[in-house]
Structures are given as structure tokens and as C-alpha cells.
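Worksheet for the structure shown next.
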């Protein structure tokens, strides 16, 4: 047989390089696929977020500069350095440990987080703390004077206006604001101006009676 008609060897076709054959079992393939899926499921930035020393970042991964504010809370001046994205509710509960103000819906619908800011009632879950630099804030913890309860606190007990108690602090703070605004002249008026505060236990008759009673005392 002529030399040029001889079939090329495997070595010649591969340019002289040695051909290496890899054998993968079905289990090997499944293990590799499972590992890749696990890595893909880890949210971006998780490793950085786990570090306690990491600075707060926004969704783009850019660090957020802490804000410095001053608040007078229940008569005490507080100077705070905080994440500018924090709600006033979270600062009260998590930074100042004033947990009497409750986090209910966190959407402004239930009124459990009602406090007084410069004498006016607001839902603290709907506002950022940095928006109230220099403000005077009153929470349920600052309403009584020592052992002397606020008239509305005392009236709520007398009229049995609380059951589970979760909404109670917000009901009281809203009631104080309602009375100060001059909206407590009748049960109908009280119900209307207190309609932003929800009581799952249905203690509304006692709450309305307490607000009316306290309005007559103040």
C-alpha cells in the first residue's frame, strides 16, 4: 500500500499531543450541578452584609453615610448617629429601647405606633427619623409624671378600654392628640377622629368612653 494511502494514526490527527479521556459518572454530574445551583442562590453581597464592621449600603452596594440628629425624647435630649433610612419607629424601639410604641402593620394602617411629635400625633412607622432633627417627641413611656398616670391612662383602666393591650399605647397617644386637637366633644366625633387606630379585640366602647372622660378632666 502506498505510503500516502495509509490511514492517519490517532497521534498524527491530534498533532502529536496525547489524547486524554475523562469519565464522569451520573453522580459526579449531579453533584457539580447542585453545587452551582447553591452558589447561584446566594444573594449578592451576603458575605459583606454578614460582617459586623461593614458600613450600611444601598441596593447598588454604595455605602450610606450615617446621619447625626438631635431629638428630645420624653424630655431627655438624645444625640444619635443613625442610618438615614431608619424609620422613627425603628429608632425608638431598636436604638432607644422604647418598646412601648408598637410595630403593628408597619404601613400606617393600624395606629399602634402613634406618638406625639411637637405635640401632634403621627404614625412613627411612616416617617424617617432624620426628618425630625430637633423635634420634641413623646412616647407612651413619657406620658405619666412619675407614679401619677396621665388622665387618659387612668380613664382607660377605669373604663376597661384594653384587652390584649397591643394597640393600647397607640390608642392612648392618639387619644391625647385627639383631645388636644379639640375633637373629643361627642362619642361620634371621637370615633371619627380615632378611626385610624384599630383594636382587634373590639374594645372600642371602653376606649371611646375613656377619651370622653379624659377630655372632661383636662
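The values are calculated or read from the model by the stated rules, or taken from the named source; none is laboratory data. These numbers come from a predicted model, not from an experiment. Ideal geometry is used to build each Cβ from the backbone, glycine not excepted, and the neighbour counts take in all protein chains shown.
Pick from the stretch 133-161 the residues that are within 29 Å of the chain's Cα centre (by Cα) and in a loop (DSSP other than H, G, I, E, B): which of them is surrounded by the most Cβ atoms within 10 Å (Cβ to Cβ)? Full working, then the answer.
Filtering the stretch 133-161 down to residues within 29 Å of the chain's Cα centre (by Cα) leaves 133-144, 150, 152-153, 156, 161.
Adding the requirement that they be in a loop (DSSP other than H, G, I, E, B) leaves 133-135, 139, 143-144, 150, 161.
On the way: 133: 12, 134: 9, 135: 16, 139: 22, 143: 19, 144: 12, 150: 20, 161: 24.
Once the filter is applied, the top-ranked residue is 161.
Scanning the stretch 181-200 for residues that are under 24 Å from residue 103 (Cα atoms), out of contact with any strand residue (DSSP E or B) (no Cβ under 7 Å at 6 or more places or on another chain) and surrounded by 13 or more Cβ atoms within 10 Å (Cβ to Cβ) yields 190, 191, 193, 194, 196, 198, 199. Filtered by the rule that a residue be outside any helix (DSSP H, G or I) and either surrounded by fewer than 15 Cβ atoms within 10 Å (Cβ to Cβ) or without any contact (Cβ under 8 Å) to a residue 40 or more places away in the chain (or both), the stretch 85-102 gives 85, 96, 97, 99. For residue 121, the conditions (1) closer than 26 Å to residue 213 by Cβ; (2) surrounded by fewer than 19 Cβ atoms within 10 Å (Cβ to Cβ); (3) in contact with a strand residue (DSSP E or B) (Cβ under 8 Å, 6 or more places away or on another chain) are fulfilled apart from (2). Checking each residue in the stretch 191-205 for being assigned to a helix (DSSP H, G or I) and within 18 Å of residue 110 (Cβ to Cβ) picks out 191, 192, 193, 204. If you go through the stretch 60-84 and keep only what is part of a loop (DSSP other than H, G, I, E, B) and without any contact (Cβ under 8 Å) to a residue 24 or more places away in the chain, you end up with 60, 61, 62, 64, 65, 66.
Residues considered: 164, 105. Of these, the only one that is surrounded by fewer than 16 Cβ atoms within 10 Å (Cβ to Cβ), assigned by TED's automatic domain parsing to the domain that holds residue 207 and either free of Cβ contacts under 8 Å to residues at least 40 places away in the same chain or under 17 Å from the mean Cα position of the chain (by Cα) (or both) is 164.
Yes or no: the stretch 64-82 includes at least one residue that is surrounded by 14 or more Cβ atoms within 10 Å (Cβ to Cβ), under 13 Å from the mean Cα position of the chain (by Cα), over 13 Å from residue 170 (Cβ atoms) and outside the structural domain of residue 196 (by TED's automatic domain parsing). The answer is no, given that none of the residues of the stretch 64-82 is surrounded by 14 or more Cβ atoms within 10 Å (Cβ to Cβ), under 13 Å from the mean Cα position of the chain (by Cα), over 13 Å from residue 170 (Cβ atoms) and outside the structural domain of residue 196 (by TED's automatic domain parsing).
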